[in-house]
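Data first, discussion second: the structure below is written as structure tokens.
We did not get these values from a lab; they are worked out from the coordinates using the rules stated. In this text the structure is predicted, and so the values were computed from the model without any measurement. Here the Cβ positions follow ideal geometry from the backbone for every residue, glycine too, while neighbour counts run over all protein chains shown.
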Amino acid sequence: MKKDTFSTSEILQGIRDGNDKILHFIYDSYYHAVELMVLKKNGDKDLAKDIFQEALVTMYKLVQDEEFSIKQSSFFTFFYALSRNTLFLHYRSVKKDILFDSKELHDNEVKFDDTMDQVINEGLKELLFHKYIKSISEKCREIIRLIIKGYTSVIIAKMLKFTSDAYVRKRKKICLKALIEMIKKDPKSKELL
């Protein structure tokens, strides 16, 4: 039996109408990706269910505005970014310290007064970051992880046993430059420029 597929506009209208077939399609097609994202970010399966449901409720609220549409991405890209930001809002609200690993970017939350372009661009930036962060050295990943967590160069130097904070700043520039160059070479990065 062939699996049904729906266009973004059909999905949005289905959510607006409470169409069970569309809602089952969303669950069957996208839940697993959201669950994996939550598990990678130190959550569990129960939290994944909650995040998915909250993102779906937020989506329902968004589509109540007849003018709402998703033009520059697929429904999946938008819904995944919405789920990711719902998770970050959850962690922020419970003041849980998210332990960043080398795959982590940062916990930018999307405010719904932001433009949809910003939402998509943030999601694309994070996807590119995740793709290329693995290509830089482990020391670079560690420096970037600590910077993202808000540690100063002085503290990072002590934590990583570097000779000085000036060395940390120098390595930070080198690491970020290497990462940015890889991202710029990616064809998808042209969508951000």
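Brief remarks follow.
- The calculated Kirkwood hydrodynamic radius for segment 20-62 is 10.6 Å, given to one decimal from all distinct C-alpha pairs.
- Förster-model FRET efficiency, 35 Å R0, K173 and Q72, C-beta, rounded to 0.05: 0.60
- Sorted fewest first by neighbouring Cβ atoms within 10 angstrom, L160, L12 come out as L160, L12.
- Projected label distance in nm at D17 and D65, using a 7 Å step from Cα toward the beta-carbon: 2.3
- Calculated FRET value between Y27 and I148, using beta carbons and R₀ = 30 Å, to 0.05: 0.40
- Computed about the Cα centre, the dipole magnitude for segment 1-49 is approximately 160 debye when only Lys and Arg (+1) and Asp and Glu (-1) carry charge, each at its Cβ.
- Rounded D (µm²/s) - segment 1-99, Kirkwood Rh over Cα pairs, Stokes-Einstein at 20 °C, 1.002 mPa s: 152
- Net dipole in debye of segment 1-99 [+1 Lys, Arg Cβ; -1 Asp, Glu Cβ; about Cα centre; nearest 20]: 400
- Full extension of the chain between L160 and R92 gives 21.8 nm of extra length, using 0.36 nm per residue less the Cα-Cα distance.
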